[in-house]
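The values are calculated or read from the model by the stated rules, or taken from the named source; none is laboratory data. Keep in mind the model is a prediction, meaning the values are calculated, not measured. Quick reminder, even Gly has a Cβ in these numbers, built from the backbone with ideal geometry, and neighbours come from all protein chains shown.
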Amino acid sequence: MIILKNFTIGMLFGLILTFTSVSFANSEVVAKFTNFNFMINGETVTLETIPLVVEGRSYLPLRELSVALGYDVDYDNETRTILLDNQETENDNGNKSITAIMGETATVKDVNITINKTEQFVKYEDNYLRIYMTIENNSETPLNTQGRLQYKLLDDIREEDRLNKSGYSIVFDDPTDVYPGETLTGYIEYHVLTKPVEIEEIHYYLQMEGYQPESPGIIFVNK
């Protein structure tokens, strides 16, 4: 975790990232808004807030840039401290998992996983929950299509327990394995819900040779 104290104006982004404050008392400062092109890990990122250039220094929106870099941002008003967390959590075995938002792509062991969307229909005895996924295997090892999924529901322990202990159907291009260099898209379907639910998190763990499902995985958050 990165902790910043007494942060006044913004973040300077150049060859390195530094943090600074600027005092405007009894002085005149020339500043202008300037659009920049941003690329993070080869992907173009667009900031909603236009950066401010002050005397040759560029000040960027801390929260937007931090989120783009994979950090959670919080602020402790009592201590005037900005908290940046790199979105890594630990499972019960002490292994770190990464956090991503549903709809985004996250990578573990050279495998790109995307939870594209969720879909549910519950009416009397006719019900289903579908988790639509894309799996891109850039590793050198085949992996089981669906991996292992666990769910955290909003204020519904009973349905959460039913979901996490139930069987499911696999509807993918190939319902068995994703071989190196392959990309598969499909969904996993459940038929155990008794009422509509709100999914807070989907925990995804790879299943591949030499890699334990309890090892670091991805926590997809519904935001």
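Applying the selection to segment 147-156, what residues are part of a strand (DSSP E or B) and either of a type outside the set (A, V, I, L, M, F, W, C) or farther than 15 Å from GLU189 by Cβ (or both)?
ARG148, GLN150, TYR151, LYS152, LEU153, listed by residue number.
Which ranges mark the strands (runs of 3 or more DSSP E) fully within segment 157-213 that have 3 or more residues being surrounded by fewer than 17 Cβ atoms within 10 Å (Cβ to Cβ)?
Filter on segment 157-213 gives 169-172, 183-190.
Which one is nearest to SER66 (Cα to Cα) among residues in segment 23-39 that are at pLDDT 75 or above and surrounded by 10 or more Cβ atoms within 10 Å (Cβ to Cβ)?
Out of the qualifying residues, it is PHE38.
Return only the number of the condition from (1) modelled with pLDDT of 80 or more; (2) touching a strand residue (DSSP E or B) at 6+ places or on another chain (Cβ under 7 Å) that THR107 does not satisfy.
Exception for THR107: condition (2).
For segment 78-99, what are the residues that are acidic (Asp, Glu), part of a loop (DSSP other than H, G, I, E, B) and modelled with pLDDT of 50 or more?
GLU78
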